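Every number here is computed from the coordinates shown, using simple stated rules; none is lab data. Remember, predicted model here, so these are calculated numbers, not experimental data. Because the Cβ atoms are built from the backbone with ideal geometry, glycine has one as well, and the counts that use them run over all protein chains shown.
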Amino acid sequence: MDAIGTARVPDHPTVQAALSLARRAPSVHNTQPWRMSFDGHRLQLYGDTYRRLSSADPQGRQLIISCGALLDHIRTAFAAAGWATEVTRLPDTASDHLAEIEFAPARDVSDRIRAHAAAIDRRYTDRLPMLPPRDWERVEPALRAVATAHEVTVDVLEASARLRLAAASAQSAALREYDPQYLNELHWWAGNDSPADGVPISALVSAAELAQVGVGRAFPTAPPSLRRGELTDASRLLVIGSAADSPGHWLRSGEALSSLLLECTAAGLTTCPLTHITEVPVSRRAIAALLPKHAVPQVVVRVGTAPTTAAAPPTPRRPVGDFLDLHRAG
């Protein structure tokens, strides 16, 4: 496709349209912990520390991973609209300033970008048991290529590691079982009916359904039910890891997470990111011990096939105007 129009930067309606799509990016507890500004030339991405989970995420690691996922969604949405992006990560010493994005007209839009952009609205977090991921021999190399492109690693755990990972998941939950601040935070963000953020009850699972999966966060439980009760979870377990544990590595991990989820969705697979297992040091060490080479575990992802095509209702998102400041350059 030829470059779209003659403009050298996207106009405000184009920016708003792209961000309306990109805001579907996943974030911890669907907190959407980001804010942005556009001066007519550059788009700035900031972490919104008011939305940080002070108990579950005191360092802001998951906040930055969430913003990294948004960053990749943003680049995908603009690329599908005909705009190439150049990103400067952590552009200054301000801890909340995570990226600066510059634009240029794209000469073409690849089929892969179109597929990823189309997958944004279809992607959802599937917390129920899954069938094995179909066509895995083709998908797995693509996911490894995604990780390499984002300067992180992705390891597919052996089936024998599932019980050890389930034990780490249970240990992580047990360490927080009597932490009132953590529990209050969890109940604030999950199981409610906010029209703009949080995890609605329709996206949660019952205690029986969680037990079927074995590796999942203990959110407030949904009403009793046993969907897919005939299944034993056969999803593959992936670990996104980084060479070190710093804001730059967290941001890259979030970008890789986004690209991995969209790659899976475009391939007709369902996914469930898991961050609770990496919230406490003892669980992170347990995951690291399962990896073939040294890496710092950042996110675990379940990948499988849903037995039906019916997806959960979309989780809510904030209006673009809530997190975007539009102004003209001086």
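For the stretch 136-304, relative contact order (Cα pairs under 8 Å, six or more residues apart, normalised by length) works out to 30 percent. Rounded to the nearest 10 degrees, the angle from helix 247-266 to the longest Cα principal axis of the chain is 80 degrees. What FRET efficiency would be calculated for the residue pair ALA207, ARG8, taking the C-beta separation as r and a Förster radius of 51 Å, to the nearest 0.05? The computed FRET efficiency comes out at 0.40. Residues LEU157, LEU326 in ascending order of nearby Cβ atoms (within 10 Å, fewest first): LEU326, LEU157. Is the stretch 179-222 rounded, prolate or oblate when judged by the Cα gyration tensor, a ≥ b ≥ c being the square roots of its eigenvalues, rounded requiring a/c under 1.5 and prolate requiring a/b larger than b/c? Note, shape of the stretch 179-222 comes out oblate.
Which ordering of TYR182, TYR50 is given by a fewest-first count of other beta-carbon atoms within 10 Å? Let's see the in-between values first.
Values: TYR182 17, TYR50 8.
Taking fewest neighbouring Cβ atoms as first place, the list is TYR50, TYR182.
Among ASP233, ASP108, the ranking by other beta carbons within 10 Å of each residue's beta carbon, starting with the fewest, stands as ASP108, ASP233. Here the chain has an Rg and Dmax of 19.2, 62 Å, counting Cα atoms alone.
What is the gain in length, in nm to one decimal, between ALA234 and LEU90 on full extension, counting 0.36 nm per residue of separation less the C-alpha to C-alpha distance?
Details: separation 144, 0.36 × 144 = 51.84 nm, distance 3.86 nm.
Result for the pair: 48.0 nm of gain on full extension.
Let me know the shape class of the stretch 190-309, please: from the alpha-carbon gyration tensor, a ≥ b ≥ c as square roots of the eigenvalues, rounded when a/c is under 1.5, otherwise prolate if a/b is greater than b/c, or oblate. Don't jump to the answer; show the numbers that get you there.
Values: a/c = 1.61, a/b = 1.53, b/c = 1.05.
Note, shape of the stretch 190-309 comes out prolate.
Over the stretch 1-89, Cα pairs under 8 Å with separation of 6+ residues give a relative contact order of 33 percent. With both labels modelled 7 Å from their Cα along Cα-to-Cβ, the GLU102 to TYR178 distance reads 5.6 nm.
Working from Cα pairs under 8 Å separated by at least six residues, relative contact order for the chain is 26 percent. The GluC sites (Glu not before Pro) of the stretch 104-200 that DSSP puts in a loop, and whose beta carbon has at most 15 other beta carbons within 10 Å, are GLU151, GLU158, GLU177. Once both labels are positioned 7 Å from their Cα atoms along Cα-to-Cβ, the gap between TRP188 and LEU291 label points is 3.1 nm.
Stretching THR148 away from TYR50 to a fully extended chain increases their span by 32.0 nm, per 0.36 nm per residue minus the current alpha-carbon distance.
Provide the convex hull volume over Cα atoms per residue for the stretch 3-115, in Å³.
Working: hull volume 11.1 nm³, N = 113.
Dividing the Cα hull volume of the stretch 3-115 by its residue count gives 98 Å³.
Find how many whole Å separate the alpha carbon centroid of the stretch 181-216 from the alpha carbon centroid of the stretch 22-51. Going from one Cα centre to the other spans 22 Å.
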